[in-house]
Amino acid sequence: MAKYRILLADSNNQFQTTVRDYLTAQEGIERVDTVNDGQSALDAMNNNRYDVLLCDLIMPGMDGFETLEEIRKESSLPILMFTSRNDSISKVRGLRAGADDYLTKPFSVDELRARLRVA
């Protein structure tokens, strides 16, 4: 896979573990850092270099939309948003805020892999 350092922002620790373990074991990703909220994602990005951000829309404090808007002020990093919301309003809002792609939970690892390859 072309991307080697990923930041995963999601408040669900079990989801974080599942995605991180899959990406490191099956896809050979060098590093997957995890954070639970938007502010922590911004802090991590200020202190590290990432190739892609995977960001949930629903997080405590600063949600995914706000996080995305803040990141886009400083970075063109590829961002893949995901959420359990399947409404077009959330998708359009995320894409307008600067997301490069959008996945609806639950999603297959094959779909995640395909979307990361083009990020």
Counting only residues in the range 76-111 that are of a type in the set (S, T, N, Q) and under 14 Å from the mean Cα position of the chain (by Cα), the one most open to solvent (accessible area, probe 1.4 Å) is identified as S76
Would you check which residues across the range 100-119 are of a type in the set (A, V, I, L, M) and touching a helix residue (DSSP H, G or I) at 6+ places or on another chain (Cβ under 6 Å) and list them? V109
Just need a number here: residues in the range 57-107 that are closer than 20 Å to N13 by Cβ and of a type in the set (D, E). 1
Could you say which residue among A97, A114 is under 25 Å from D21 (Cβ atoms) and hydrophobic (A, V, I, L, M, F, W, C)? A114
If you go through the range 23-60, how many residues are assigned to a helix (DSSP H, G or I), touching a strand residue (DSSP E or B) at 6+ places or on another chain (Cβ under 9 Å), open to solvent by 10 Å² or more (accessible area, probe 1.4 Å) and closer than 17 Å to A114 by Cα? 1
From the list L116, L68, exactly one residue is open to solvent by less than 60 Å² (accessible area, probe 1.4 Å), at pLDDT below 90 and assigned to a helix (DSSP H, G or I). Which is it? L116
Quick one: what pairs do we get from the range 2-21, first residue farther than 12 Å from L53 by Cα and touching a residue at least 12 places away in the same chain (Cβ under 8 Å), second open to solvent by 70 Å² or more (accessible area, probe 1.4 Å) and not in a helix (DSSP H, G or I), C-beta under 9 Å, 6+ apart or different chains? S11/I58; S11/P60
From the options L103, L80, residue that is free of Cβ contacts under 8 Å to residues at least 24 places away in the same chain and in a strand (DSSP E or B): L103
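The values are calculated or read from the model by the stated rules, or taken from the named source; none is laboratory data. Note that the coordinates shown come from a computational prediction; the quantities given were computed from them, not determined experimentally. Here the Cβ is made from the backbone with ideal geometry for all residues, glycine too, and neighbour counts use every protein chain on show. Just the protein is used for accessible areas: all its heavy atoms, side chains included, with ligands, DNA and RNA removed. Shrake-Rupley method; radii C 1.70, N 1.55, O 1.52, S 1.80 Å.
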